[in-house]
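The values are calculated or read from the model by the stated rules, or taken from the named source; none is laboratory data. If you're wondering where the values come from, they're calculated on a predicted model, not measured in any experiment. Methodologically, a virtual Cβ is constructed for each residue, glycine included, from the backbone with ideal geometry; neighbour enumeration extends over all protein chains shown.
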Amino acid sequence: MSGQELFIVVIVVLLLFGADKIPDIMKMASKGMRDFRKATDDIKQEFESSTKDIRKDIKEISDSVSKDLNDVSRKISKDVTEVSNNIQSQVEDVTKDIEKDTKEIASNLEKKVGQPAEEVTKEVAGAADTVKNDINEALTDPFEEDPFS
């Protein structure tokens, strides 16, 4: 309220109740305000105390869910790493087998065709490297729908 509005309210109260009743009115108003504040504080305290258990339960549930998610995440990460390592090992084994077979094929071709084994080996090794690269690219993004397209 501004000063003018407050002055008008004081004059109206003086006119309606008189100067001798103003202290009683002020006591009643201040008592009413105290009671209102006390009731408000009581409601706040009751609300805080009643929701304390609920907040505690929610925090416990949240911590439990968070712990479970972290455990699952660690297990999945471990499994993915293990599978990836196994696949990588298998790819390396296949690559070694392919290189061995290409050398053998190159040697046989050289005997039959007369082309030097080194040239044939390079051509076949290039093809084997292409296959190896395709497999490694597929392993890089295991969630890709069709890694060989």
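One table, with the values for the structure above:
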{"read-out": "Long-range neighbours under 8 Å by Cβ, at least six apart or interchain, first residue in contact (Cβ under 8 Å) with a residue 60 or more places away in the chain and on the phi < 0 side of the Ramachandran plot within segment 84-110, second surrounded by 13 or more Cβ atoms within 10 Å (Cβ to Cβ) and of a type in the set (D, E, K, R)", "value": "none"}
{"read-out": "Identity of the residue in segment 13-49, modelled with pLDDT of 85 or more and among the β-branched types (V, I, T), that ends up nearest to the chain's Cα centre (by Cα)", "value": "I43"}
{"read-out": "Pairs where the first residue, in segment 1-17, is outside any helix (DSSP H, G or I) and the second is surrounded by 10 or more Cβ atoms within 10 Å (Cβ to Cβ), C-beta under 9 Å, 6+ apart", "value": "M1/V9"}
